[in-house]
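This report concerns only the one structure given below.
The values are calculated or read from the model by the stated rules, or taken from the named source; none is laboratory data. Here the structure is a predicted model, which is why all the values come from computation and not from measurement. For neighbour counting, all protein chains shown are included, and Cβ atoms are generated from backbone atoms with ideal geometry for every residue, glycine included.
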There are 2 protein chains.
Amino acid sequence: MADTPQGMTPPHSDNITISVDAMGGDEGPSAVVAGCAASAARNPCIAFILHGDESVLTPLVARHKALSGITQIAHSPGVVRMDDKPSQVMRHGRETSMWSALTSVREGKAQAAVSCGNTGALMAVAMLRLRRLEGVHRPAIACLWPSRGDSGYNTLLDVGADVRADEESLLQYALMGAAYYRNAFNAPRPRVGLLNVGTEEHKGRGEIKEAARLIAEAAEIGRYDFVGFVEGTDLASAHVDVIVTDGFTGNVALKTGEGTARLISDTLREELTAGFWSKLSALIASSPLRRMKRRMDPRRMNGGVFLGLNGTVVKSHGAADATGVSAAIKLAFRLAQSGFQDRISQRLVSITDAMHEKVLDPKSPEAARGHRDEDEDTQTGTSPE
Amino acid sequence: MADTPQGMTPPHSDNITISVDAMGGDEGPSAVVAGCAASAARNPCIAFILHGDESVLTPLVARHKALSGITQIAHSPGVVRMDDKPSQVMRHGRETSMWSALTSVREGKAQAAVSCGNTGALMAVAMLRLRRLEGVHRPAIACLWPSRGDSGYNTLLDVGADVRADEESLLQYALMGAAYYRNAFNAPRPRVGLLNVGTEEHKGRGEIKEAARLIAEAAEIGRYDFVGFVEGTDLASAHVDVIVTDGFTGNVALKTGEGTARLISDTLREELTAGFWSKLSALIASSPLRRMKRRMDPRRMNGGVFLGLNGTVVKSHGAADATGVSAAIKLAFRLAQSGFQDRISQRLVSITDAMHEKVLDPKSPEAARGHRDEDEDTQTGTSPE
């Protein structure tokens, strides 16, 4: 099983350049550069623009043969810190590696950007530099969740772009999440669920009931199946692919899942090293435990994708090591390669128009217009790697 | 380690009667009755009123010697189903075992009620039959969360009484949650955290920032320490005891934690039974794995406590088996025995008064009034079991 989604095809034969904010992240630039090198070693079609302090990055890049000839360094003296306020970075962040990384995408020098930095600042600067897609109220961040389904992943969004979401934003998340999942996993008709406190129709907040109505109505236009309300226990379910929620709830769910997995893994480690017999059993059990660890490794799911912008941006976990950074780069590469960004932007405009005609004003005769630009949303074929 | 919180003392020497809705729950009345019997076998000071269909319950009770002489059956023909709407049950539920179980508490025949039934209906009927404590806007449901701390548990509330909470409700949850934790774990000064999407002050929704201000201001009156914002990853943290959030977010977090634990446990089981060597290692590792399973067993944490009502109500998980029901009964017994309910009701009135004077109107000279009735909130001594 690969580190990130399988099943995409290259519509372009050219190399893909990834713009990397090399200064973000808790592990520092050496982990980021090592992650780039790991990706380059496995992928002959990739190139990098690394943004950050040239005097730091040049010797780091020189250490990795795989980066030779495919890596440009774009000097930027400033760094966005994890506790910088997004509003400050928007006003005073022009000299930072994060700003510079997004500018390369804006200028078409790179097809996607990756950063391990401050999520709020990254979203704020991305909105400023790349702008929202036409018709999108609020961008969202989609993450992968380990699943019992065939692809091994579900998608949860929004996990933190915006702490509130009204019913129309939740509808847009459903549309964008379905398009993302369709491209990432070659699934022609993803199943969309709406996160709630129960699966019964009478439960939940008013805006969620209204969102359920809108998402159900838009299923044909958005080419997904709506499975209705799902609960926190269903995040890993094989019966849903895309789980829609507001950014506050999604962020709490993501971190609760992470925290629970870490607690269990720590408890297991304590018990398996508590005495001689336990240590022996741990030794003998090491192979299945390693397999399990690999299946559940959060680094393999690393990469929150920003949806709804004029450009592909992948947010890597702040604490990502080289393996995690490499997974985020791979995800960015595949999304860039699939042409996902171009197609999602064409579709969203038409879908939003159609939604306003069909769902928000169901009597309109132009309801079917949204179907026009959707034909090229899924590619078939084999994976490039 | 025991199934539920240690550290309480009996202020009454009399027996404690628990009123049990014997018809609720997915496992049916036989699991509920078996849970009562398991509690009775370990606790000589307990008695039961079992509510439900007499013709079903009489033979079930007769099977368990431990229940003989301490169990009354209160016949009620109706059952609240898991998909019944709370509003329907409030109007037409007089003949149900749930209604009858709460009536026994209202009439003083029992000191606490336990039900595995429909949570929404149980809260609705509990509010109708027991009424809110004076000054409480909205009752909350508090659950236990496995923790790295000394007590082994944190408390999370609200996990589903109300899908919304304004800043004043969040403040009341902090006060009620701290009082509950103080009684349940004999912790004189619990540490309270407010769930948010980041620990930085500028993050999160407006009502949460305002709630943080109120909860910080009320720390002395409420006799807790406010540790500020916590994230989903902190639910098991040793640095916090009580985590406050709205019922929508709390319910999603609770179920996400459950779902994640189940996914990991299933994956572990698959990997450990995947081949001969794996099976052998599982056999040898069985003792540490069993210990870990016991430490993380969700049945031991079974029991959502309804806070803010004139009476103690414990909601057991709908899917609880006899072990889970017994844990919920034990929790109800200890809360009844600690006199928690009487003290919390005295305190909340004075705290609410003081809050309105001190926090909401900080210039009032009567700000200190809230301290008056708080002296008896924690008991010391040894556990009855």
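Being at pLDDT 75 or above and over 17 Å from B:P146 (Cβ atoms) is a property that A:A253 has. Number of residues in region A:181-192 that are at pLDDT 90 or above and either within 16 Å of A:F333 (Cα to Cα) or not assigned by TED's automatic domain parsing to the domain that holds A:G222 (or both) equals 1. From the list A:A62, A:A112, the lone residue that is more than 30 Å from A:G247 (Cα to Cα), assigned by TED's automatic domain parsing to the domain that holds A:D321 and of a type in the set (A, V, I, L, M, F, W, C) is A:A62. For region A:209-239, the set of residues classified as more than 9 Å from every other protein chain (Cβ to nearest Cβ), buried (at least 23 other Cβ atoms within 10 Å of the Cβ) and in a loop (DSSP other than H, G, I, E, B) consists of A:A218, A:Y224, listed by residue number. Of the helices (runs of 4 or more DSSP H) entirely within region A:41-159, those holding at least 3 residues that are surrounded by fewer than 17 Cβ atoms within 10 Å (Cβ to Cβ) and without any contact (Cβ under 8 Å) to a residue 60 or more places away in the chain occupy A:54-62, A:86-92.
Among the residues of region B:268-280, are any outside any helix (DSSP H, G or I), within 14 Å of chain A (Cβ to nearest Cβ), at pLDDT 80 or above and out of contact with any Leu (no Cβ under 9 Å at 6 or more places or on another chain)?
At the first step, the residues of region B:268-280 found to be outside any helix (DSSP H, G or I) are B:273-275.
Add one more test, that the residue is within 14 Å of chain A (Cβ to nearest Cβ), and what stays is B:273-275.
Checking the rest, the ones that are also at pLDDT 80 or above come to none.
Within region B:268-280, none of the residues are outside any helix (DSSP H, G or I), within 14 Å of chain A (Cβ to nearest Cβ), at pLDDT 80 or above and out of contact with any Leu (no Cβ under 9 Å at 6 or more places or on another chain).
Count of region B:143-171 residues, restricted to those that are away from chain A (no Cβ under 11 Å), touching a Phe, Trp or Tyr at 6+ places or on another chain (Cβ under 7 Å) and more than 15 Å from B:L194 (Cβ to Cβ), is 3.
Which members of region B:240-254 meet the condition of being hydroxyl-bearing (S, T, Y) and either under 12 Å from B:A174 (Cβ atoms) or more than 8 Å from chain A (Cβ to nearest Cβ) (or both)? Listed by number, the list holds a single entry, B:T245. Within region A:160-174, the set of residues being assigned to a helix (DSSP H, G or I) and under 24 Å from A:A332 (Cβ atoms) comprises A:Q172, A:Y173, A:A174.
Here B:S345 meets each of (1) more than 14 Å from chain A (Cβ to nearest Cβ); (2) at pLDDT below 70; (3) in contact with a strand residue (DSSP E or B) (Cβ under 6 Å, 6 or more places away or on another chain) with one exception, condition (3).
Is it the case, given these coordinates, that B:G204 is touching a residue at least 24 places away in the same chain (Cβ under 8 Å) and either more than 12 Å from chain A (Cβ to nearest Cβ) or in a loop (DSSP other than H, G, I, E, B) (or both)? Walk me through how you get there before you give the answer.
Values: touching a residue at least 24 places away in the same chain (Cβ under 8 Å): yes; either more than 12 Å from chain A (Cβ to nearest Cβ) or in a loop (DSSP other than H, G, I, E, B) (or both): yes.
Taking the combined requirement at face value, the residue satisfies it.
Suppose we filter region B:241-262 for residues that are buried (at least 23 other Cβ atoms within 10 Å of the Cβ) and more than 17 Å from the chain's Cα centre (by Cα); how many remain? Give the steps one after another, and end with the answer.
First, pick out the residues of region B:241-262 that are buried (at least 23 other Cβ atoms within 10 Å of the Cβ): B:241-257, B:260.
Next cut, more than 17 Å from the chain's Cα centre (by Cα) only: B:256, B:260.
Going through region B:241-262 one residue at a time, the tally reaches 2.
For region B:28-42, the criterion of a residue being outside the structural domain of B:D150 (by TED's automatic domain parsing), within 23 Å of B:F340 (Cα to Cα) and at pLDDT below 95 is satisfied by at least one position. Checked against the criterion of being closer than 20 Å to A:N251 by Cβ, outside any loop (DSSP other than H, G, I, E, B), away from chain A (no Cβ under 11 Å) and not hydrophobic (A, V, I, L, M, F, W, C), the candidates B:G177, B:G257, B:G193 yield just one match: B:G193. Any residue in region B:1-17 that is at pLDDT 95 or above and in contact with a Leu (Cβ under 6 Å, 6 or more places away or on another chain)? No, that holds for no residue.
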